[in-house]
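Structure first, then comments.
The values are calculated or read from the model by the stated rules, or taken from the named source; none is laboratory data. Because the structure is predicted, anything quoted here is derived from the model rather than measured. All Cβ positions, even for glycine, are placed from backbone atoms using ideal geometry, and neighbour counts span all protein chains on display.
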Amino acid sequence: MVALPELGIALPTSTPTGPRHTLAYLESCADAAASSGASTILLAGRHGPTAQLQVAPLVPLLATRARGVTIAPLFIAPVWPVGLLTEHVITVATLAEAAGSSVVPVLASGRQEPVATSVGSPDRDRGDATNESLSILTELGFKPWVAAERGPALLRAARADGWISNAVYDDTELAQQLSVVSAVPIRAVRRDVMCRLDGEKAQADAETALERGYRQGMRIEHVIAGDSRACAEAIAHYGETGFTHVLMRPMDADPDAAAESIAAVFDAFADLVSTGGR
């Protein structure tokens with residue numbers, strides 16, 4: 001019996017065409033994920049003075065559209081005072097539960113410069129800040145996941161209930177990371193997906209998007225491209241290599257096309273599940 005991973009989606013909190021388009025994209029993809037039986041919706045936003053939508057207020061919105069699906073908002077922990085971050089997590093978890101969903105906070109350290117705790121106080125290491133948030137949220141009964149890639153951050157993930165990879169690592173690099181976090185219950189890989197009826201067209205479209213700067217640092221070996229069956233089989237491969245979850249992000253910029261892509265891959269993956277991966 002092939003070990004098949006659970007399938008979810010990873011959604012951005014900004015798009016090149018602005019916040020209104022981003023919101024439509026999130027809603028359309030969340031609807032598709034819910035109707036397809038997704039396990040998780042990862043909200044992988046960044047922090048900074050950009051056209052980002054903040055992850056925290058998006059959680060209850062998506063929870064009402066994807067009842068029963070776990071919403072995983074990613075927080076760059078060191079940019080938040082730990083008390084404020086704790087309040088945000090408690091609030092969004094309560095609102096999501098009222099809507100029939102659940103929340104698992106995802107913590108990341110971000111860049112490695114020190115971060116000030118408050119005006120006039122000494123700087124602290126970002127790792128220390130993330131450790132503090134991880135410890136407090138765990139004590140409150142949450143089971144946070146950690147987004148990490150290397151070094152102390154990856155060792156921190158090895159002590160958490162879940163680990164999420166970065167989307168810009170190839171299979172060899174992911175295997176090296178897995179060797180550190182192999183005992184973590186949740187091991188999630190993020191993969192951008194280009195799904196088309198014609199698999200060769202999907203590959204060509206993915207390469208074109210990457211050439212146009214789709215995501216900085218991303219190469220063709222970092223994405224899954226093909227027809228729905230090929231995409232589903234590529235996702236199943238990650239279960240064989242040790243991942244418990246695959247969170248796919250559709251490469252289509254159009255909300256409707258992205259939702260259709262999600263549904264097509266989920267349908268093909270359901271066929272794999274029904275046959276035990278054969």
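Among the criteria (1) under 27 Å from I90 (Cβ atoms); (2) assigned to a loop (DSSP other than H, G, I, E, B), the one L197 does not fulfil is (1).
Report, by residue number, each residue of region 239-278 that is part of a loop (DSSP other than H, G, I, E, B) and over 19 Å from V189 (Cα atoms).
D252, A253, D254, T275, G276, R278
Scanning region 242-278 for residues that are without any contact (Cβ under 8 Å) to a residue 24 or more places away in the chain and hydrophobic (A, V, I, L, M, F, W, C) turns up just one, A257.
So for region 191-198 (the condition being crowded, with 19+ Cβ neighbours inside 10 Å, among the acidic types (D, E) and touching a strand residue (DSSP E or B) at 6+ places or on another chain (Cβ under 8 Å)), does at least one residue qualify? Within region 191-198, one or more residues are crowded, with 19+ Cβ neighbours inside 10 Å, among the acidic types (D, E) and touching a strand residue (DSSP E or B) at 6+ places or on another chain (Cβ under 8 Å).
Restricted to region 13-29, and to residues there that are in contact with a Ser or Thr (Cβ under 7 Å, 6 or more places away or on another chain), touching a residue at least 40 places away in the same chain (Cβ under 8 Å) and part of a loop (DSSP other than H, G, I, E, B), the residue that is surrounded by the fewest Cβ atoms within 10 Å (Cβ to Cβ) is T15. Taking region 77-95, which residues are at pLDDT 90 or above, within 20 Å of A147 (Cβ to Cβ) and among the β-branched types (V, I, T)? Of everything in region 77-95, those that are at pLDDT 90 or above, within 20 Å of A147 (Cβ to Cβ) and among the β-branched types (V, I, T) turn out to be V82, T86, V89, V92. Scanning region 52-76 for residues that are at pLDDT below 95, polar (S, T, N, Q) and buried (at least 18 other Cβ atoms within 10 Å of the Cβ) turns up nothing. Mind listing whichever residues of region 77-91 are crowded, with 23+ Cβ neighbours inside 10 Å and aliphatic (A, V, I, L, M)? Scanning region 77-91 gives A77, L85, V89. Say whether the condition of being surrounded by 23 or more Cβ atoms within 10 Å (Cβ to Cβ), out of contact with any Leu (no Cβ under 9 Å at 6 or more places or on another chain) and at pLDDT below 90 is met by at least one residue in region 128-135. Within region 128-135, one or more residues are surrounded by 23 or more Cβ atoms within 10 Å (Cβ to Cβ), out of contact with any Leu (no Cβ under 9 Å at 6 or more places or on another chain) and at pLDDT below 90. Taking the listed residues A206, A183, A188, A175, the one that is outside any loop (DSSP other than H, G, I, E, B) and either more than 22 Å from P250 (Cα to Cα) or more than 20 Å from the chain's Cα centre (by Cα) (or both) is A175, with no other qualifying.
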